[in-house]
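Please read the structure below before turning to the comments.
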Amino acid sequence: MTEPLDLLVTNVRVVHHDRPEPERADLGVAAGKIVRVAPGLDPASAKVTVDGGGKLAFPGVVDAHQHWGIYNPLPVDAATESRACAQGGVTSALNYMRTGQYYLNKGGSYADVFPEVLSMSEGRAFVDYGYHLAPMMREHIAEIPALVRDHGVTSFKVFMFYGSHGLHGRSADQNAFLMIPEGERYDYAHFEFVMRGIQAAREQFPELADEISLSLHCETAEIMTAYTKLVEEEGTLTGLAAYSASRPQHSEGLAVSIASYLAHETGLPTINLLHLSSAKAMDAALRMATAFPHIRFRREVTVGHLLADIDTAAGIGSKVNPPIRPREDVEALWGHVLAGDVDWVVSDHACCRDEQKFGDPREDVFLAKSGFGGAEYLLPGLVTEGGRRGLPLGEIARLTAWNPATRFGLRTKGALGVGYDADIALVDPAVEWTVRAADSESAQEYTPFEGFSMTAAVTDTFVRGHRVLESGKVVGEPVGQYLKRPTGA
């Protein structure tokens, strides 16, 4: 007897990560899971039937790089920015979180801080969510096994430039910024010990070893400090061009090389190189993969660095770390995407409201805060620009869902197949529209992509079978759940 369905999505072209072209099929959902993928499923067997109108059905996006709570209170971001996620077909948002200034603005142990993080986000999000955590001091390294065991946190982060460079520029007092004890240093030695701690956890939990990893923001503080001074003293560059020159591309490449050797030294094979923004950064990452073939590197690129350059991005609201780059770097990144060198694409979503973003004078890029939202443009942007460049739809599913889900222990996410969560993004690939910040569900009043032309739009989003976006509008109540990893275990 055929299992009764809670939801049936008919007349769609299902995009799979392991084949280039979509297949015509219907999707049957029961108890939040996909239970049937086949053409011609009987609508009479379902409580609710949605006619997909021939649209593309992508696996819900696993946006593996977001920052809820960095500039706004975490409960606020969980509510508003998850609505922006739904607009962009993002059904799982993994957020980088740390102690120190911004976020919860407190130091201390994760045993104290992380339950507060979970409490603040519970019941507010429209999409599922998880957290990567950054070990900022020795005590945090000792907590890694407990975070894995008790909270399902299997991914961690190092910000390589934080030792002597602030979030937005130069800094003379990083211990106060990071809220770590006097006598501790956030430096290469600390990064090494973080790696050793994560590798020890992989050995302690062998069944999770492939899913316990370290992500690194790869920029070099000393290079950036020196070049910031040079750019400001020369005074010939302004805006995004000045900021890119102040954090030069070889700073990324050097940091990638250092991180890679430390991974080799410590025997930690699961390394994620975040938001590689330039030809030099990607070149270094590929060189390191050749030098250390036993390290299972993953290379990440953001949709911002693929869509915008220093001339096309809409003003200094586009300031981010690492910076938006010149057009030649954008083209180089696309070459690597098309060559299969990139493992996943993310938004690096960090909602920064206008009153926080800009300094006085407003036009001074060095006074502006770093970061911006963009989850709502991730899938439409990739389908739009990827389509122009011949990127197969199946590859987009691999880059936005399957690969990040696999790396980060989301065993029930990332594919439209039987047994997986019914996380579905319906995309109309033949609609032209113009990006306007005013149309976004994000609390951010501007976007780097203002005025950009898109030729694909997410119309409907389902999270475990719950419809959270209908005809482009967020609907219903928050259904997002915390993703204790590995899911489905």
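Overview of values
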{"item": "Whichever residue in region 467-489 is assigned to a strand (DSSP E or B) and touching a residue at least 24 places away in the same chain (Cβ under 8 Å) and, among such residues, is surrounded by the fewest Cβ atoms within 10 Å (Cβ to Cβ)", "result": "TYR482"}
{"item": "Residue under evaluation ARG83, criteria (1) surrounded by fewer than 20 Cβ atoms within 10 Å (Cβ to Cβ); (2) under 26 Å from ARG436 (Cβ atoms); (3) among the charged types (D, E, K, R), criterion not met", "result": "(1)"}
{"item": "Answer residue from region 365-412, given it is assigned to a helix (DSSP H, G or I), of a type in the set (Val, Ile, Thr) and open to solvent by 10 Å² or more (accessible area, probe 1.4 Å) and is nearest to GLY152 (Cα to Cα) among those", "result": "THR406"}
{"item": "Matching entry among LEU104, LEU8, LEU41 (being modelled with pLDDT of 95 or more, over 19 Å from the mean Cα position of the chain (by Cα) and either part of a loop (DSSP other than H, G, I, E, B) or within 21 Å of LEU410 (Cα to Cα) (or both))", "result": "LEU41"}
{"item": "Filtered residues of region 54-80 (kept if charged (D, E, K, R) and touching a helix residue (DSSP H, G or I) at 6+ places or on another chain (Cβ under 7 Å))", "result": "ASP63"}
{"item": "Index of the failed condition, ALA375 passing every other in (1) farther than 18 Å from TYR446 by Cβ; (2) touching a Ser or Thr at 6+ places or on another chain (Cβ under 8 Å)", "result": "(1)"}
{"item": "All positions within region 217-249 that are among the acidic types (Asp, Glu) and part of a helix (DSSP H, G or I)", "result": "GLU222, GLU232, GLU233, GLU234"}
{"item": "Region 179-216: number of residues that are closer than 19 Å to ARG407 by Cα, within 25 Å of the chain's Cα centre (by Cα) and assigned to a loop (DSSP other than H, G, I, E, B)", "result": "1"}
{"item": "Candidate set from region 44-71 (those that are polar (S, T, N, Q) and more than 20 Å from the chain's Cα centre (by Cα)); member that is surrounded by the fewest Cβ atoms within 10 Å (Cβ to Cβ)", "result": "SER45"}
{"item": "Filter pass, GLY394 being in contact with a Ser or Thr (Cβ under 9 Å, 6 or more places away or on another chain) and modelled with pLDDT of 95 or more", "result": "no"}
{"item": "Of all residues making up region 319-332, the number that are part of a helix (DSSP H, G or I) and in contact with a helix residue (DSSP H, G or I) (Cβ under 6 Å, 6 or more places away or on another chain)", "result": "2"}
{"item": "Hits in region 113-134 - residues which are in a helix (DSSP H, G or I), under 26 Å from GLY88 (Cβ atoms) and open to solvent by 10 Å² or more (accessible area, probe 1.4 Å)", "result": "LEU118, MET120"}
{"item": "Residue in region 423-443 that is surrounded by 20 or more Cβ atoms within 10 Å (Cβ to Cβ) and under 30 Å from ARG149 (Cα atoms) present", "result": "yes"}
{"item": "Matching residues, region 252-285, being of a type outside the set (A, V, I, L, M, F, W, C), part of a helix (DSSP H, G or I) and touching a residue at least 60 places away in the same chain (Cβ under 8 Å)", "result": "GLU252, GLU265, THR266"}
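Here's the yes/no breakdown for (1) surrounded by fewer than 14 Cβ atoms within 10 Å (Cβ to Cβ); (2) in contact (Cβ under 8 Å) with a residue 24 or more places away in the chain:
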{"position": "PRO181", "(1), (2)": "yes, yes"}
{"position": "GLU192", "(1), (2)": "no, yes"}
{"position": "HIS217", "(1), (2)": "no, yes"}
{"position": "THR220", "(1), (2)": "no, yes"}
{"position": "LYS229", "(1), (2)": "yes, no"}
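Quick grid of which residues meet (1) aromatic (Phe, Trp, Tyr); (2) crowded, with 23+ Cβ neighbours inside 10 Å; (3) in contact (Cβ under 8 Å) with a residue 60 or more places away in the chain:
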site: TYR103; (1), (2), (3): yes, no, no
site: MET136; (1), (2), (3): no, yes, no
site: ALA142; (1), (2), (3): no, no, no
site: THR154; (1), (2), (3): no, yes, yes
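The values are calculated or read from the model by the stated rules, or taken from the named source; none is laboratory data. All values reported here derive from a predicted model rather than from experimental measurement. Every residue, glycine among them, receives a Cβ derived from its backbone with ideal geometry; neighbour counts consider all protein chains shown. All accessible areas refer to the heavy atoms of the entire protein, side chains included, with ligands and DNA or RNA removed. Shrake-Rupley method; radii C 1.70, N 1.55, O 1.52, S 1.80 Å.
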